[in-house]
Amino acid sequence: SPGLTIEFQGGEPLVNWPIVKFVVEYTREANKKIGKDVSFSLVTNMSQMTDEKAEWLLDNGVMMCTSLDGPREVHEDNRHLARASSYDTVTKWIAEINRRHAARGRDPGAVYVNALLTTTRATIQTDPKAVVDEYVRLGLKSIHFRPLNPFGFANKTWQRIGYTAAEYLDWYRRAVDYVIELNKQGVEILEKKAALYLQKIITDLDPNYMELRSPCGAGVGQMAYNFDGKVYTCDEGRMLGRMGETIFEVGDVSEGEYRDFISHESVRAMQAASYLDSVPGCSDCAYNPYCGVCPIYNYVEQGDLFGKMPGSDWCKISMGLCDYLFGKLGEGDEMKHLLQRWTREKDRVAAHCVKPGTSMTY
């Protein structure tokens, strides 16, 4: 591959700050001989952020992503910090880092802290306008209404924070309706999940989003390296590893090599289970060209990598989302023009990369 993205995830990666610095510096040095297009991304809750760390990350072109689940009461309900307000912490650093981007002459409409939203029961019990307005207030240009997956901590607390596919889709439609209305009023904000699908529906370009590939990106488009050196097919596989399920573990960095990991039987099984043209219920579905499946989701929900998709919440949500988008595309030229713009803006806003010593590339 001519390009490589290294993403630091957690837990909280800033807890091990020396390793974050080492990986960035070592990668840049090693890449001088190879010449790949390398970018870095850091997913952080900002609890360990300091002025010194922020400056180093900005100077070294590390893009930052955080979590913001909406208004204070929703965010605090989802995420607790022992000695501080998680909401105050994250909103403070979003504003501060964006200010520092602007001070470096970077386009504030394209380069900023990216925020992700995890949709829990507390979220869908909240007026979607309040959630969207929080993002607009902070100057964020995109919002991603990700449905909750039953992995890791969410699996243990599903009775408290989970919901049905129908409940999610009802909230999602109302939320995106409001996002569309804001755009008509001149407020620049897009919904990422819709933008990803629309790029596949409207254009001949593929956003290369791991969950919307056929087969999926597990093992061949991404790998997850755990802090103990174990390597997993993907981040979802790593989460199940934390739950005691080891079938998605493909090796150890101290023993194996890349060719061993990518040819592992678990990677091959994941590819076979996510190739839509061979998945019953997907192979002859009208939305086949735009969707994707997650074998790990199938494994958790149904006990089998090869899911029975018509009965899966994953499938219900994907089909409901496509029904909604195709319905919007049928409403007329004004709506189609707006949604076409989202397919262009998604790349400018959500897939940007800032490199040290350059202005920016998108």
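Of all residues in the stretch 1-18, those that are assigned to a strand (DSSP E or B) have Cβ atoms under 6 Å from Cβ atoms of residues that are open to solvent by 30 Å² or more (accessible area, probe 1.4 Å), 6 or more apart or on another chain, in Gly3/Asp37; Leu4/Lys36. A Cβ distance below 6 Å, combined with a sequence gap of six or more or placement on separate chains, defines the contacts here; from the stretch 110-131, residues that are touching a residue at least 12 places away in the same chain (Cβ under 8 Å) and farther than 21 Å from Cys65 by Cα reach residues that are open to solvent by 10 Å² or more (accessible area, probe 1.4 Å) and not in a loop (DSSP other than H, G, I, E, B) in the pairs Arg121/Ile161; Ala122/Asp77; Ile124/Glu167; Pro128/Arg174; Pro128/Tyr178; Lys129/Tyr178. Among residues of the stretch 289-301 being open to solvent by 30 Å² or more (accessible area, probe 1.4 Å) and out of contact with any Ser or Thr (no Cβ under 7 Å at 6 or more places or on another chain), the one that is farthest from Pro147 (Cα to Cα) is Pro289. Note on the stretch 308-345: residues that are of a type in the set (D, E, K, R) and buried (at least 17 other Cβ atoms within 10 Å of the Cβ) total 4. Counting only residues that are among the basic types (Lys, Arg), at pLDDT 90 or above and over 21 Å from Asp88 (Cα atoms), the stretch 98-145 holds 1 of them.
Touching a residue at least 40 places away in the same chain (Cβ under 8 Å), open to solvent by 50 Å² or more (accessible area, probe 1.4 Å), out of contact with any Leu (no Cβ under 7 Å at 6 or more places or on another chain) and over 26 Å from Arg242 (Cβ atoms) - does that describe any residue in the stretch 83-94? Among the residues of the stretch 83-94, at least one is touching a residue at least 40 places away in the same chain (Cβ under 8 Å), open to solvent by 50 Å² or more (accessible area, probe 1.4 Å), out of contact with any Leu (no Cβ under 7 Å at 6 or more places or on another chain) and over 26 Å from Arg242 (Cβ atoms), which makes the answer yes. Can you tell me which residue is most open to solvent (accessible area, probe 1.4 Å) among those in the stretch 36-65 that are over 16 Å from Pro13 (Cβ atoms) and in a loop (DSSP other than H, G, I, E, B)? Within the stretch 36-65, the match that is most open to solvent (accessible area, probe 1.4 Å) is Lys36. For the stretch 253-269, the tally of residues that are in contact with a Gly (Cβ under 7 Å, 6 or more places away or on another chain), in a helix (DSSP H, G or I) and open to solvent by 60 Å² or more (accessible area, probe 1.4 Å) stands at 1. Within the stretch 205-217, does at least one residue satisfy the condition of being open to solvent by 60 Å² or more (accessible area, probe 1.4 Å), closer than 21 Å to Pro289 by Cα and among the hydrophobic types (A, V, I, L, M, F, W, C)? Yes, the stretch 205-217 contains at least one residue that is open to solvent by 60 Å² or more (accessible area, probe 1.4 Å), closer than 21 Å to Pro289 by Cα and among the hydrophobic types (A, V, I, L, M, F, W, C). A residue that is closer than 17 Å to Lys328 by Cβ, among the acidic types (Asp, Glu) and open to solvent by less than 20 Å² (accessible area, probe 1.4 Å) cannot be found anywhere in the stretch 164-186. Every listed requirement among (1) touching a strand residue (DSSP E or B) at 6+ places or on another chain (Cβ under 8 Å); (2) over 28 Å from Thr27 (Cβ atoms); (3) in a helix (DSSP H, G or I) is met by Thr118 save one, (3). Does any residue of the stretch 155-163 turn out to be among the β-branched types (Val, Ile, Thr), part of a helix (DSSP H, G or I), surrounded by 14 or more Cβ atoms within 10 Å (Cβ to Cβ) and modelled with pLDDT under 90? Yes: the stretch 155-163 contains one or more residues that are among the β-branched types (Val, Ile, Thr), part of a helix (DSSP H, G or I), surrounded by 14 or more Cβ atoms within 10 Å (Cβ to Cβ) and modelled with pLDDT under 90.
Here Lys33 meets each of (1) charged (D, E, K, R); (2) outside any helix (DSSP H, G or I); (3) within 19 Å of Asn98 (Cβ to Cβ) with one exception, condition (3).
Given Ala286, Ala272, which one is open to solvent by 70 Å² or more (accessible area, probe 1.4 Å) and either under 25 Å from Thr5 (Cα atoms) or modelled with pLDDT of 90 or more (or both)? Within the list Ala286, Ala272, the selection yields Ala286.
Considering only residues in the stretch 231-289 that are of a type in the set (S, T, N, Q) and touching a Leu at 6+ places or on another chain (Cβ under 9 Å), the one that is nearest to Leu321 (Cα to Cα) turns out to be Asn288.
The values are calculated or read from the model by the stated rules, or taken from the named source; none is laboratory data. All figures in this text were calculated on a predicted structure; none of them were measured in a lab. FYI the Cβ positions are ideal-geometry reconstructions off the backbone, even for glycines, and counts take in every protein chain you see. Quick note on the areas: whole protein, heavy atoms, side chains included, nothing else; ligands and nucleic acids left out. Shrake-Rupley method; radii C 1.70, N 1.55, O 1.52, S 1.80 Å.
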